[in-house]
Amino acid sequence: MELFWILLSCCVCSLSRGQGVYAPANAQIVHSGAACNVNDDNISERIYTIKEGYTLVLQCIVKGHPRPQVRWTKTAGSASDKFQETSIYNETLRIEGIQRVQGGRYYCKADNGVGVAAIKSIRVDVQYLDTPVLTVHQTISDVRGSYYQEKTVFLRCTVNSNPPARFIWKRGNILIEQSKDNGVDIYEPLYTQGETKVLKLKNLRPKDFADYTCQVSVRNVCNIEDKSVTFRLTNATTPPMIRLSVNDTVVVVDPGQDVLLNCEIMAGFPAPTVTWSRYPGPLPLSAQVRGPMLFLRAVTPADAGFYNCSAVNNVGNPARKNVNLIVRTMTNLTFQITPDSNKDSETIQMGRDLKLSCHVDATPQDKVNYSWYKNSAPVFNSESLIILRSDPDMAPGTSSLEIIDMKFRDLATYSCMANFPGSRVPELRVDVNISQNGVSPPVLSVPPGGQVVSVQEGGNTELVCLVVDGKPRPPVLWSRAEKDLLMPGGRSVTETPDGRLRMRNVSRDMMGVYRCQTAPYNGLNIKRREAQVQLNVQYPPILDPVFQDLRSRNYQMVTLRCAVLRSNPPRLTDIRWFRNGEFIRIPMPDLKETPELQFKLEPRNNGSYECRVSNSIGMSTCTFNVSTKPYNAEFYFDTPNPVRIQKGNNYSYNLQWTQRDPEATDPIIGFWLIVRKNKQNVLLKQIDLRGKEPEKGVLMSHTISDLKIPLAYEVRLAPITTYCTGDYISRTIQYSEPYTYPRPSDHVCGFEDERICGFSQDRSDVFDWTRQNHLTQNPKRSANTGPETDRSGTKEGYYMYIEASRPRVQGDKARLLSPLFNVTSVRGPKGSGRVPYCVSFYYHMKGKHIGTLNVLLRVRSIASHTTVDSEVWTKSGHQGPDWKRALFDVSPSGPFQIVFEGIRGPSFEGDIAIDDVSITIGKCKQENTVASAGREEMEKTLY
């Protein structure tokens, strides 16, 4: 293609215009990459088979105008259309090294804001075959004397695979066939996880002591090779037995102590394999495993947990022993002074009771020993001093000393000492001086001016609540006054020893009321003292819009508004307008009004406008891009038959587009068109409208000729006005073969397969049709409505039905769509222009609240991509307890679908069902027996 220029005055291009073409989104999923197999017959949900570890590549081909945005989501449920929170916004979905857990339904959602979003799905089936596990078992009643002599033995082979694996048993190199050996039985047990086959050896014979191989195969699906495992059965085969070197199941040690655990094997052949594990979490990094021994050097509290020893030799059940390792810890010793609660006292008074409480956070809590001292002398129980080893009125693990009828002799220094007897963990001690002047209730106070604290966003500050009086002086606890709000650190309560809450990098969400309270520990255990502090976070104005692209005609008045949404402080200090960075000299605006700028737009004052609004904290900006440049065009991607074959190896492309908001700016007089291949050979043309201004939503087109098959080209397009050229938009065009629709067939759809023959649920209805058979019916379902079995009368046969129970209400609709079928080019009978098709199905409408079953013919126009629904069959109300057949002719004018619409009646006894649907070419015949003869075709799709 040669490079050439065509001047505006010389170029007249063809232009077609039609009705508004804003079209809702449509989508199609195509695949590439390492697929093993794709069941790709244009049904609503295809199955993409891929080997585990391969790369999955799916592409969502979308149509619609404007160009739809694509979102990929996934769910593993067989009938769920719910999306996960995490999504991929891209037309291509790529997963490197796909794993089995990543199988499931993948949804492509295309949305362009016109009509209902288009959703397509494909089920990704990840296939794999693990190495099988072979275990040997014997019934408990047989385990006596010689373990296996003349007993029954079970060899169980289990494997995880997809698709289900086939099992082969061998004795030595000889295939074991149940029909040729009465001493064996091969079966599949019930209630097993994964796939399992059992080889039962009945009353062991000498020849049964041999090598047994379990070979599994998925029949070379996805080139997955067979795998096998071998076990040697002898008369010495025994399950494992172990014992631990420690006698107790609980071991308590001091931090820093070494721990050695030995898992001794007592029996087992073949020799068992010993493994160590820990709960919760893995083994510590410092743990050393030497065969059956586990060595922990210098344990810390983080090493505590349950340590499990397992011995496995695939004979019988694994042998397990566990021990709970507890590492002693003791921290945070606190005390409480409780005046006589019966007298509602908050002070120490002679002649009244007083209780001193002592608590330490320890592991194990119940092994802590508390000792009480008075003036360094041990305290023993007496009539006036009572020691409670575990105070029921306090938190568990709290010891208390009660002073009864306090006298002057009881004024002293009391000490509480906590320790672990015989442990190297250091003991903790707290002293409490009980005197008339040494104990007094606290007084909590906020310093003058500290009730409201103001800080700029991003700065640091502190809130202060001081204990100005009171002995002993307790710590201060901070929390948010508003319920459900957490402290900045993420906790509900923050403790401060001095009453000062320090906050860094303050944000506006920290603003609010904070509550400070005296703690009930390390002081008097009385009613908490409380105060509040208001945190006021100051920030610059928040403006709207942050950015706006504004287009207008020349010599028109333009108004720019910059709204102040929030500001703290709310009083503004300055408002200034700038154009292209230069200050605009205008009268000072009213600071109480919304900032506004009006001017006449001319070629010389196009540009970037800024409104800078300030308060005493800072400045924020509204930015406006103001120009007379036209908005960009929008390519129309759904052009029917855009490719035309020309002589030689050439083709032409019918490029179509619409103009976004053409009336917003000066009249558009043409478009610049650039076509290039491999960023070379630029063809620049001007499409002259000659006074035909584009209209919003109206399609324009231009034929690009002399393109080479099968090359792709980049096309760029920009609108032109008398004053300027708009922005270019770009797309790629390439040669592609025409699309063909599926054709109806003579197969009957009995809904036996989960794919339901390519039928799909209408996304725009209220609820869905449900696939069910007699075995999957809800035992608590509504009586006196709905079928017991499918049309054939078998319990295994499936059918589709609408469930009328809650939450369904009268008038709710469910629509089931057939695949989209093509119409044949052969003319109808006697020269008619349309070919007839026979629609046949069975329906079941039993119940006093039955609503309506409608069958609609949905015809799609190839040219406009619109659809028209017309009712072709309907039935309402109770129709008896039996399945009934309906058949009728349709003569569609284009690609079509059959829609089954179920409408819920006035109450719950309104289930409607359908079964055995067929769509065949030609008029219906009463003797048509396709419905009864097609059951064997259920595994195939309708087309």
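Select from segment 371-393 the residues that are more than 15 Å from ASP410 (Cβ to Cβ) and open to solvent by less than 60 Å² (accessible area, probe 1.4 Å) and write down the one among them that is nearest to the chain's Cα centre (by Cα). The qualifying residue nearest to the chain's Cα centre (by Cα) is ASP391.
Residue by residue, here is whether (1) of a type in the set (D, E, K, R); (2) in contact with a Pro (Cβ under 7 Å, 6 or more places away or on another chain) holds:
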| residue | (1), (2) |
| --- | --- |
| ASN173 | no, no |
| GLU177 | yes, no |
| LYS180 | yes, no |
| PRO189 | no, no |
| THR196 | no, yes |
| LEU204 | no, no |
| ASP208 | yes, no |
| CYS214 | no, yes |
| ASN220 | no, no |
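Out of all the residues in segment 444-478, which are surrounded by fewer than 16 Cβ atoms within 10 Å (Cβ to Cβ), β-branched (Val, Ile, Thr) and modelled with pLDDT of 95 or more? Within segment 444-478, just VAL452 meets the criteria. The conditions of being open to solvent by 40 Å² or more (accessible area, probe 1.4 Å), at pLDDT below 85 and not polar (S, T, N, Q) are met by TYR739. Where strands (runs of 3 or more DSSP E) fall entirely within segment 564-616, those with at least 1 residues that are β-branched (Val, Ile, Thr) are at 572-579, 607-615. Suppose we keep only residues that are under 12 Å from ASN324 (Cα atoms) and outside any strand (DSSP E or B) within segment 248-277. Which one would you say is modelled with the highest pLDDT? Across segment 248-277, the extreme among qualifying residues is THR249. Counting only strands (runs of 3 or more DSSP E) that fall entirely inside segment 398-461 and contain at least 1 residues that are over 24 Å from GLY351 (Cβ atoms) and free of Cβ contacts under 8 Å to residues at least 40 places away in the same chain, the qualifying elements are 428-434. In this structure, is SER608 touching a residue at least 12 places away in the same chain (Cβ under 8 Å) and closer than 26 Å to ARG579 by Cα? Here the answer is yes, as SER608 does meet what is asked. Filtered by the rule that a residue be crowded, with 16+ Cβ neighbours inside 10 Å and either polar (S, T, N, Q) or within 30 Å of PRO603 (Cα to Cα) (or both), segment 638-662 gives THR639, ASN654, GLN656, TRP657, THR658, GLN659, ARG660, PRO662.
For beta carbons closer than 8 Å, sequence separation of 6+ or different chains, a first residue in segment 539-553 that is surrounded by 15 or more Cβ atoms within 10 Å (Cβ to Cβ) and a second that is in a loop (DSSP other than H, G, I, E, B) and of a type in the set (Gly, Ala, Ser), the qualifying pairs are TYR539/GLY618; PRO540/GLY618. For beta carbons closer than 7 Å, sequence separation of 6+ or different chains, a first residue in segment 800-816 that is open to solvent by less than 50 Å² (accessible area, probe 1.4 Å) and a second that is modelled with pLDDT under 90 and of a type in the set (Gly, Ala, Ser), the qualifying pairs are TYR801/GLY786; ALA804/GLY910; SER805/SER782.
When residues in segment 296-317 are screened for being free of Cβ contacts under 8 Å to residues at least 40 places away in the same chain and closer than 29 Å to GLN138 by Cα, 2 of them pass.
When segment 756-786 is limited to residues that are assigned to a loop (DSSP other than H, G, I, E, B) and under 24 Å from the mean Cα position of the chain (by Cα), the one that is modelled with the lowest pLDDT turns out to be ARG763.
Between THR300, THR334, THR347, which is open to solvent by 30 Å² or more (accessible area, probe 1.4 Å) and over 21 Å from VAL246 (Cα atoms)?
Exactly one residue qualifies, and that residue is THR347.
Within segment 105-121, count every residue that is aliphatic (A, V, I, L, M) and part of a loop (DSSP other than H, G, I, E, B).
Going residue by residue through segment 105-121, those that are aliphatic (A, V, I, L, M) are 110, 114, 116-119.
Restricting the remaining residues to those that are part of a loop (DSSP other than H, G, I, E, B) gives 114, 116-117.
Counting residues in segment 105-121 that are aliphatic (A, V, I, L, M) and part of a loop (DSSP other than H, G, I, E, B) gives 3.
Working only within segment 303-314, note down all residues that are assigned to a strand (DSSP E or B) and either in contact with a Pro (Cβ under 9 Å, 6 or more places away or on another chain) or buried (at least 20 other Cβ atoms within 10 Å of the Cβ) (or both). Even if it seems obvious, please write down each step before you answer.
Here is the first cut: in segment 303-314, the ones assigned to a strand (DSSP E or B) are 305-312.
GLY305, PHE306, TYR307, CYS309, SER310, ALA311, VAL312, listed by residue number.
The residues of segment 188-214 that are open to solvent by less than 40 Å² (accessible area, probe 1.4 Å) and modelled with pLDDT of 90 or more, listed by number, are THR196, VAL198, LEU199, LEU201, ASP208, ALA210, TYR212, THR213, CYS214. Only residues that are touching a Phe, Trp or Tyr at 6+ places or on another chain (Cβ under 9 Å) and β-branched (Val, Ile, Thr) were counted across segment 96-114, and they come to 2.
Against the numbered list (1) touching a residue at least 60 places away in the same chain (Cβ under 8 Å); (2) exposed (fewer than 15 other Cβ atoms within 10 Å of the Cβ); (3) over 20 Å from LEU711 (Cα atoms), THR665 comes up short only at (2). Looking at (1) modelled with pLDDT of 90 or more; (2) of a type in the set (Val, Ile, Thr); (3) not in a strand (DSSP E or B), can you tell me which one VAL835 breaks? Unmet for VAL835, out of (1) modelled with pLDDT of 90 or more; (2) of a type in the set (Val, Ile, Thr); (3) not in a strand (DSSP E or B): (1). Scanning segment 122-142 for residues being open to solvent by less than 50 Å² (accessible area, probe 1.4 Å), of a type outside the set (Val, Ile, Thr) and assigned to a strand (DSSP E or B) gives a total of 6.
For segment 66-113, name all the residues that are under 30 Å from ASP661 (Cα atoms) and either of a type in the set (Gly, Ala, Ser) or at pLDDT below 85 (or both). Lay out the reasoning, then the answer.
Residues of segment 66-113 under 30 Å from ASP661 (Cα atoms): 66-71, 89-91, 108-113.
Matches in segment 66-113: ARG67, TYR89, ASN90, GLU91, ALA110, GLY113.
Taken as a whole, the condition of being open to solvent by 50 Å² or more (accessible area, probe 1.4 Å) and under 35 Å from the mean Cα position of the chain (by Cα) applies to PHE908.
Out of all the residues in segment 846-855, is one or more open to solvent by 50 Å² or more (accessible area, probe 1.4 Å) and either assigned by the TED database to the domain that holds GLY786 or not aliphatic (A, V, I, L, M) (or both)? Give the steps one after another, and end with the answer.
Restricting attention to segment 846-855, the residues satisfying the condition of being open to solvent by 50 Å² or more (accessible area, probe 1.4 Å) are 846, 848.
With either assigned by the TED database to the domain that holds GLY786 or not aliphatic (A, V, I, L, M) (or both) added as a condition, the list becomes 846, 848.
There is at least one residue in segment 846-855 that is open to solvent by 50 Å² or more (accessible area, probe 1.4 Å) and either assigned by the TED database to the domain that holds GLY786 or not aliphatic (A, V, I, L, M) (or both).
Could you grab me the full set of residues in segment 588-637 that are closer than 27 Å to ASN554 by Cβ, open to solvent by 20 Å² or more (accessible area, probe 1.4 Å), within 42 Å of the chain's Cα centre (by Cα) and at pLDDT below 95? Residues satisfying the conditions are TYR631, ASN632, GLU634.
For first residues located in segment 500-513 and within 13 Å of VAL533 (Cα to Cα), partners that are in a strand (DSSP E or B) and open to solvent by 80 Å² or more (accessible area, probe 1.4 Å) and lie 6+ apart or on another chain with Cβ distances below 9 Å form the pairs VAL513/GLN532.
The values are calculated or read from the model by the stated rules, or taken from the named source; none is laboratory data. What you see is a predicted model, and the numbers here were worked out from it, not measured in a lab. Cβ atoms come from the backbone with ideal geometry, glycine included; neighbour counts cover every protein chain shown. Ligands, DNA and RNA are stripped out before the accessible areas are found, and what is left, the full protein with its side chains, is counted by its heavy atoms. Shrake-Rupley method; radii C 1.70, N 1.55, O 1.52, S 1.80 Å.
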